[in-house]
Structures are given as structure tokens and as C-alpha cells.
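These notes concern the structure reproduced below.
The values are calculated or read from the model by the stated rules, or taken from the named source; none is laboratory data. Note that the coordinates shown come from a computational prediction; the quantities given were computed from them, not determined experimentally. Cβ placement follows ideal geometry from the backbone for every residue including glycine, while neighbour counts extend to all protein chains displayed.
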Amino acid sequence: MKRTLALFVLMAFGFVVGAQTYIGTMEVDGYKREDVKVTLRVGTNQQSPNVVELTMYRVKFSWLMPVKIDFDIPQMKLENGRLTADGVVPVSDGKRYEKYTIHNLSGAVSEQKLIFQCRMGDKPFFFSGERKNESSK
């Protein structure tokens, strides 16, 4: 019953349960990347149905970074269309990156838009994107 209620609440706020993909712009400490793909997934933890995980695909965080990586921000909270997280360690390819711990993440998500900002380690981080259309997969 709790899970059904939680799913209804998420849907009522325009967020479709499951995974949503957004394409947008990422900026880290003055370095900007366009066409960044982000997937937001609702967690499966029945004790905390408002926990989500965000994955960013093929990103670089500076001009000097030699490779593009995928990374996850686990344990974000989604309540009433608002995203929050603090003290969350990002993970890439199974490795935790404590140096880039996420602080003061705040943002908003709807069926059509995702926007958030935070500090990643000591660097300011910002993302703004729109939902990827099903026909453009």
C-alpha cells in the first residue's frame, strides 16, 4: 500500500516512475558542455521510495580531462518535484570519488525539465536539460 501511494505521488507531480532521460548543458567551474545525457531513475527501496539515482553519460569536467566518463550520483531525494542531496559520493565504473563529494545539491524535476546545482568537491556544478523525446531514441 505504501509503495502504491508513493508511486501515485510521484506521478502526480509529473514525474513518470522508472527512468527519464534528459539532454542539456552542464557547467563545472566555468567549463561548459552541451548535449549532455542524464538519466534519472527512481530507486527500488520500498523503505525510501523517494530516493533517486542520477547518471551522467560521457562527460568531461575540464578541457584537460583526457577521457569522457559515465558517473552516478546515488541517494538523491525527490520530494514534491524537488531534488536534494548532501554529502553524497559520486561513483564511476564502480569506484567512489570522495574528492568530488556532492554538497548542497538542490534542483527541480518535472516530466519535461531537470535542473540542479551543487558543489562537486570544491567546484560549482550546474545542469539544465529537457526530457529526451521517445521518438529521438
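So if I check each of E79, E111, which one is in contact (Cβ under 8 Å) with a residue 40 or more places away in the chain and among the charged types (D, E, K, R)?
Only one candidate passes the filter, namely E111.
Against the definition (without any contact (Cβ under 8 Å) to a residue 40 or more places away in the chain and surrounded by fewer than 11 Cβ atoms within 10 Å (Cβ to Cβ)), how does D35 come out, yes or no?
In short, yes.
What are the residue pairs meeting all of these: first residue in the range 61-75, first residue at negative phi, second residue surrounded by fewer than 18 Cβ atoms within 10 Å (Cβ to Cβ) and part of a loop (DSSP other than H, G, I, E, B), Cβ atoms under 6 Å, and 6 or more apart or on different chains?
Listed by first residue and then by second, the contacts come to K68/K60.
Taking the options S110, S92, name whichever one is of a type in the set (G, A, S), surrounded by 11 or more Cβ atoms within 10 Å (Cβ to Cβ) and out of contact with any strand residue (DSSP E or B) (no Cβ under 8 Å at 6 or more places or on another chain).
Details: S92 fails: out of contact with any strand residue (DSSP E or B) (no Cβ under 8 Å at 6 or more places or on another chain).
Selected residue: S110, the only one of S110, S92 that is of a type in the set (G, A, S), surrounded by 11 or more Cβ atoms within 10 Å (Cβ to Cβ) and out of contact with any strand residue (DSSP E or B) (no Cβ under 8 Å at 6 or more places or on another chain).
Among the residues of the range 82-100, write down those that are within 14 Å of the chain's Cα centre (by Cα) and closer than 19 Å to V28 by Cβ.
L83, A85, D86, V88, V89, P90, V91, S92
What is the number of the single condition among (1) in contact (Cβ under 8 Å) with a residue 40 or more places away in the chain; (2) buried (at least 16 other Cβ atoms within 10 Å of the Cβ) that T55 does not meet?
Unmet condition: (1).
So which strands (runs of 3 or more DSSP E) stay within the range 24-137 end to end and still have 3 or more residues that are in contact with a Cys (Cβ under 9 Å, 6 or more places away or on another chain) and at pLDDT 90 or above? Break it down into steps so the answer makes sense when it comes.
Numbers: elements: 31-42, 51-59, 69-79, 82-85, 102-109, 113-120, 123-131.
Per the criteria, 102-109, 123-131.
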